[in-house]
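The values are calculated or read from the model by the stated rules, or taken from the named source; none is laboratory data. Since this is a predicted model, take the numbers as computed values, not measurements. Quick reminder, even Gly has a Cβ in these numbers, built from the backbone with ideal geometry, and neighbours come from all protein chains shown.
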Amino acid sequence: MAEVGVDLDALRQEIEKLILLEQVAERRQQLIEERLDRAVEQGMSTEQIRSELGLSKESIGKLLRDDPPTLAERLGISEETAEGLAEPIG
């Protein structure tokens, strides 16, 4: 097999960094959704939230009703692969 000029260790490290960033993004998204839920529970209308945050109707709807994609879905890899690559990080 011909040797390819790719540093696979560096590539793996970059993927691990991406996974770490995605985990942080996922947690931040959860926190945002919790804050939105609290605002609605405290009587703020979704229209008021949408208007003040400058969100489209579609965006506020997605934030309030849809679950975020999993880490693996975001990266386009299997759950097993995501878990395996995240192990050295956590």
Could you look through the range 28-39, keep only residues that are modelled with pLDDT of 90 or more and not charged (D, E, K, R), and pick out the one that is surrounded by the most Cβ atoms within 10 Å (Cβ to Cβ)? ALA39
Do we find a residue being surrounded by fewer than 15 Cβ atoms within 10 Å (Cβ to Cβ) and within 18 Å of ALA86 (Cβ to Cβ) anywhere in the range 60-70? yes
Criterion first (in a loop (DSSP other than H, G, I, E, B) and surrounded by 11 or more Cβ atoms within 10 Å (Cβ to Cβ)) does ILE77 satisfy it? yes
Restricting the range 42-79 to residues that are acidic (Asp, Glu) and within 17 Å of the chain's Cα centre (by Cα), the residue that is farthest from GLN29 (Cα to Cα): GLU79
